[in-house]
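I have placed the structure first, in the form of structure tokens, so that the comments after it can refer back to it.
The values are calculated or read from the model by the stated rules, or taken from the named source; none is laboratory data. Every value quoted in this text rests on a predicted model; they were computed, and no experiment measured them. Because the Cβ atoms are built from the backbone with ideal geometry, glycine has one as well, and the counts that use them run over all protein chains shown. All accessible areas refer to the heavy atoms of the entire protein, side chains included, with ligands and DNA or RNA removed. Shrake-Rupley method; radii C 1.70, N 1.55, O 1.52, S 1.80 Å.
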Amino acid sequence: QRAEFDQLRDTPAVTKDGKRIVLLTNAGLAVDLENLDATGAEGIGLFRTEFQFMVSDELPRLDSQTALYKLVLDAAGDRPVTFRTLDIGGDKVLPYLDNEREENPALGRRAIRLGLDRPALLRMQLRALLTAAAGRELRVMFPMIATVDEFRAARELVDIECDWARRRGRPLPSLLRVGAMIECPSLLWHLDALLPLTDFVSIGTNDLMQYMFASDRTNPRVSERYDALSPPFLRALAEIQQKCADSATPVSVCGELAGRPLEAFALITLGYSRLSAPAGGVGPVKRMILSADLNAARRGMNVLLGSSAGSVRGEIESLARKLNV
Ligand code: PEP
Ligand code: MG
């Protein structure tokens, strides 16, 4: 199988009926960079910047943050990289930073909430990103955005850092794209306000699932209890896709779902064309894409979206099998 995926490495991911899918990979540490060439991923759709913080016993300084981001951009070359700003808190606790115990950490001061409460921390990271990407493209997104105001405030910090650099005559990125992660269900009813403010969005299905079903992703007693291949979750994804298409906002999916062939089949059938998968998922998902006929799949999927079942996994499996996916 490994050899089969290696053979597909340089094959573009195009469905049977001719739709081009952009297949990216997730990364977080320098060692992950070799996966770009090894898998043939077209870029990094999610770079989890907190990993550098988690493997360190102290706050990584500005220069070591900058050095890592440079390394990532150099390794990617012409391939796009989307950096996700610090996603600390929740299940990712740092002993040297905000280690106050919380009763419900997943609902606590994690990710962008911490970043907005400690703007010096977020600004240092943005400064490192802007410096590392001087003269090239920088794509940056914020995790756990729950309100449009949070996105506005985060984006303002980017503007402040750009001004800071400009005043000092420092070179800026040649192109800057700022996006939001869709992980909090609240945004589903505020996309009309959010999308015009973003350059792109990316769906973190791990967290979106956790918050939609009120089911702790780290608690084995409940984490497998609900299925992403369920009408409510798939309908939410269908609606996000539609609104992004209507407003011409680029959208990708970067949760683990995107790396599992059956789930990725559902995603492309719903209209998604940018998936960022863990490295091990890139080959299997590409093989699925090459065999999929979306026109035929779409009709079947529309019926399943109307089902009252808690999971339509079996039905999607049958659909895929019937279509020889
Ligand atoms: C997600 O929530 O789906 C996601 C991609 O972010 P993380 O898994 O790092 O929380
Ligand atoms: Mg997340």
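Would you please give the FRET efficiency between K70 and K16, computed as 1/(1 + (r/R0)^6) with r the Cβ-Cβ distance and R0 = 51 Å, to the nearest 0.05? Display every interim value, and only then the final one.
Values: r = 40 Å, r/R0 = 0.79.
The value I calculate is 0.80.
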Discussion item. Quick one: 3J(HN,Hα) in Hz for segment 91-106, Karplus 6.51/-1.76/1.60 with θ = phi - 60°, rounded, Gly and Pro as x.
Written reply: 7, 10, 9, 10, x, 9, 9, 6, 8, 5, 5, 10, 5, 10, x, 5
Response to the item:
With x for Gly and Pro, the residue-by-residue ³J(HN,Hα) of segment 300-317, computed from phi through the Karplus equation 6.51 cos²θ - 1.76 cosθ + 1.60 at θ = phi - 60° and given in whole Hz, is x, 5, 4, 5, 5, 4, x, 6, 9, 6, x, 8, 10, 4, x, 5, 5, 4
Worksheet, complete the sentence: Over the chain, the sum of -39500 (n - 2.57) across DSSP H runs of at least four, divided by residue number and rounded to 500 deg cm²/dmol, gives at 222 nm -13500 deg cm²/dmol
Item to complete: Could you check which residue among E137, E263, E58 shows the biggest mean-square fluctuation in a GNM of the chain with a 10 Å Cα cutoff?
Response: E58
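I need the shape label for segment 58-203. Rule: rounded when a/c is under 1.5, else prolate if a/b > b/c, else oblate, with a, b, c from the alpha carbon gyration tensor. Please report the intermediate quantities before stating the final value.
Values: a/c = 1.75, a/b = 1.24, b/c = 1.41.
Cα axes put segment 58-203 in the oblate bin.
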Worksheet item: If you line up the Cα atoms of segment 214-283 on their principal axes, what length do they span on each, largest first, in Å?
Response: 40, 28, 17
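Using square roots of five times the C-alpha gyration tensor eigenvalues, list the equivalent-ellipsoid semi-axes of segment 225-325 in whole Å, biggest first.
Largest first, segment 225-325 gives 18, 17, 14 Å.
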Worksheet entry | Amide H contacts of I203 (H built 1.01 Å from N, under 5 Å, at least 5 apart or other chain) | I182, S252, V253, C254
Worksheet item: Using θ = phi - 60° and the Karplus form 6.51 cos²θ - 1.76 cosθ + 1.60, what ³J(HN,Hα) does each residue of segment 228-244 get, whole Hz, x for Gly and Pro?
Response: 5, 7, 10, x, x, 5, 5, 5, 4, 5, 5, 5, 4, 4, 4, 5, 5
Worksheet item: Given Cα pairs under 8 Å that are at least 6 residues apart, what percent is the relative contact order of segment 172-317?
Response: 24 percent
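Could you give the size of the charge dipole of segment 105-187 about its Cα centre, using +1 on the Cβ of each K and R and -1 on the Cβ of each D and E, expressed in debye and rounded to the nearest 20?
320 debye
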Fill in: All-pairs Cα distance distribution in segment 1-120, expressed in whole percent, bin size 5 Å
2, 10, 17, 18, 15, 12, 10, 8, 6, 2, 0
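Output the relative contact order of the chain, whole-number percent, from Cα pairs under 8 angstrom with separation of 6+ residues. Before the final figure, lay out the partial values.
On the way: 580 pairs, mean separation 62.3, N = 325.
Averaging sequence separation for qualifying contacts and normalising by length gives 19 percent for the chain.
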Fill in: Neighbourhood net charge (13 Å Cβ-Cβ; Lys/Arg +1, Asp/Glu -1) for T198
+2
Item to complete: Two decimals is fine: what's Rg over Rh for the chain, C-alpha atoms, Kirkwood radius as Rh?
Response: 0.96
Discussion item. If the reach is capped at under 27 angstrom between alpha carbons, list the lysines near K16, excluding any in the same chain fewer than eight residues apart.
Written reply: K243, K286, K322
Worksheet item: When the dipole is taken about the Cα centre of the chain, and only Lys, Arg (+1) and Asp, Glu (-1) are charged at their Cβ, what size is it in debye, to the nearest 20?
Response: 580 debye
Worksheet item: What is the Cα centroid distance between segment 187-263 and segment 264-320, reported in whole angstrom?
Response: 14 Å
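How large is the direction-averaged shadow of the alpha-carbon convex hull of segment 140-268, in nm²? Walk me through the numbers on the way to the answer.
Details: hull surface 36.1 nm².
In nm², the orientation-averaged hull projection of segment 140-268 is 9.0.
What order do Y226, Y272, Y96 take when sorted by accessible area (1.4 Å probe), most exposed first? If you can, show how the numbers build up before the last one.
Working: Y226 95, Y272 0, Y96 60 Å².
Accessible-area ranking of Y226, Y272, Y96, largest first: Y226, Y96, Y272.
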